[in-house]
Amino acid sequence: MADEPLKSWLETCEVAARAGGKQLLEWRGRFRTREKGACDLVTDADLASQQAIRALISERFPDHEFLGEERTDHEFVKRPDQPDQFVWIADPLDGTTNYVHGYPLYAVSLALTRGQQVLVGVIYDPLRDECYSAAQGGGAWCNGRRLKTSETTHLAEALIGVSLPPRVHGDSADLRDFVELAQVSQALRRSGSAALNMAHVANGTLDAFWATHIYPWDVAAGVLLIREAGGVVTARDGGEFDLWKPHLVVAGQAGLHQEMLAAMLPFERK
Ligand code: IPD
Ligand code: CA
Ligand code: CA
């Protein structure tokens with residue numbers, strides 16, 4: 001398992017993600033919903049979860065920065081000024097649309113980062129009480145069980161996940177990739193939670209996943225989980241993944257990752 005101080009960061013990460021998850025369960029059936037943008041929802045539960053997470057982090061690590069999706073200031077995501085700054089990145093409810101409809105796939109995602117490094121990460125699925133966690137160099141775990149990505153190396157046998165943006169356009173490259181991969185993979189899924197998709201690549205129940213319209217809070221914890229479970233993470237164009245301008249293709253095996261990139265459209269880096 002992880003060494004100090006990773007151990008203590010991971011413990012805080014788990015406690016905070018669980019505190020967020022508790023809020024999500026408590027707010028079911030009584031939350032108000034508002035549209036932040038077209039088809040992009042936020043509820044009382046998102047806000048309560050973020051508040052619970054932030055309170056814990058600032059109490060234990062007052063010198064660390066905090067970036068939550070439901071930010072209270074209006075500063076948008078930006079690469080930290082200092083590359084050695086510790087930044088906690090939180091998605092207090094990933095899968096808000098699912099949550100609003102009572103569709104049982106949503107999670108809390110929380111990670112501690114420093115520059116491009118994800119030091120610890122947790123994805124907590126409150127409905128199943130499943131806590132996916134990883135610390136750099138310490139493997140990926142779920143409720144005490146070590147995680148390993150799947151053995152699938154060919155698209156024809158692969159179950160693949162994708163996250164599309166809240167309002168998807170008919171001419172989007174993601175949809176064209178969707179149509180292509182639907183024909184050459186075993187099956188495709190759009191579950192509505194990028195974080196859970198990534199947890200499921202880490203535990204081997206999903207073979208691969210891609211997303212281009214995402215934010216650091218959607219994927220920070222998932223990237224670490226997949227790498228620690230033995231999987232491959234790159235940017236959508238096959239180059240190095242950038243946490244602060246994220247788009248990605250991930251797979252349990254390098255061979256499958258290659259086949260996916262070969263089947264997808266050329267991608268222009270943002
Ligand atoms: C959404 C989910 C979804 C992805 C969307 C995200 P949210 O996050 O991760 O899978 O397709 O782009 O916005 O808004 O529920 O936190
Ligand atoms: Ca999200
Ligand atoms: Ca969210």
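The values are calculated or read from the model by the stated rules, or taken from the named source; none is laboratory data. The shown structure was predicted, so the numbers you read here are calculated from the model rather than taken from an experiment. Note: ideal-geometry Cβ built from the backbone for every residue, glycine included; neighbour counts use all protein chains shown.
Listing for the model above:
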| item | result |
| --- | --- |
| Residue tally, condition farther than 21 Å from P104 by Cβ, aliphatic (A, V, I, L, M) and at pLDDT 95 or above, over segment 8-46 | 3 |
| Residue match in segment 178-199 (condition: in contact with a Pro (Cβ under 7 Å, 6 or more places away or on another chain) and farther than 21 Å from A17 by Cβ) | no |
| Neighbours by Cβ (under 7 Å, 6+ apart or cross-chain): first from segment 41-54, closer than 18 Å to E14 by Cβ; second among the β-branched types (V, I, T) | S49/V108 |
| Enumeration of residues in segment 206-215 that are outside any loop (DSSP other than H, G, I, E, B) and more than 12 Å from ligand 1 (Cβ to nearest atom) | A208 |
| Residue list for segment 88-135, restricted to those being more than 15 Å from the chain's Cα centre (by Cα) and within 12 Å of ligand 2 (Cβ to nearest atom) | T97, N98, Y99 |
| Selection within segment 97-117 - of a type outside the set (S, T, N, Q) and within 14 Å of N197 (Cα to Cα) | P104, L105, Y106, A107, V108 |
| Residue in segment 181-191 that is surrounded by fewer than 18 Cβ atoms within 10 Å (Cβ to Cβ), away from ligand 2 (no atom under 15 Å from the Cβ), within 18 Å of the chain's Cα centre (by Cα) and outside any strand (DSSP E or B) present | no |
| Residues being more than 10 Å from ligand 3 (Cβ to nearest atom) and either farther than 22 Å from A38 by Cβ or among the aromatic types (F, W, Y) (or both) - total across segment 87-101 | 3 |
| All positions within segment 47-93 that are among the hydroxyl-bearing types (S, T, Y) and at pLDDT 95 or above | S49, S58 |
| Every residue from segment 77-86 that is away from ligand 3 (no atom under 15 Å from the Cβ) and either within 16 Å of the chain's Cα centre (by Cα) or farther than 21 Å from Y124 by Cβ (or both) | K78, R79, P80, D81, Q82, P83, D84, Q85 |
| Checking F31 against (1) within 24 Å of T12 (Cα to Cα); (2) surrounded by 15 or more Cβ atoms within 10 Å (Cβ to Cβ); (3) more than 19 Å from the chain's Cα centre (by Cα), the condition it does not meet | (1) |
| Residues of segment 75-130 satisfying the condition of being among the small types (G, A, S) and surrounded by 14 or more Cβ atoms within 10 Å (Cβ to Cβ) | A90, G95, A107, S109, A111, G115, G121 |
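Listed here are the residues, each with its yes/no results for (1) within 16 Å of ligand 3 (Cβ to nearest atom); (2) assigned by TED's automatic domain parsing to the domain that holds T43; (3) in contact with a strand residue (DSSP E or B) (Cβ under 7 Å, 6 or more places away or on another chain).
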residue: L110; (1), (2), (3): yes, yes, yes
residue: V120; (1), (2), (3): no, yes, yes
residue: A134; (1), (2), (3): no, yes, yes
residue: H169; (1), (2), (3): no, no, no
residue: A182; (1), (2), (3): no, no, yes
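One line per residue, one yes/no per condition, for (1) touching a residue at least 12 places away in the same chain (Cβ under 8 Å); (2) within 16 Å of ligand 3 (Cβ to nearest atom):
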| residue | (1), (2) |
| --- | --- |
| N203 | yes, no |
| A208 | yes, no |
| V219 | yes, yes |
| G252 | yes, no |
| H257 | yes, no |
| A262 | no, no |
| R269 | yes, no |
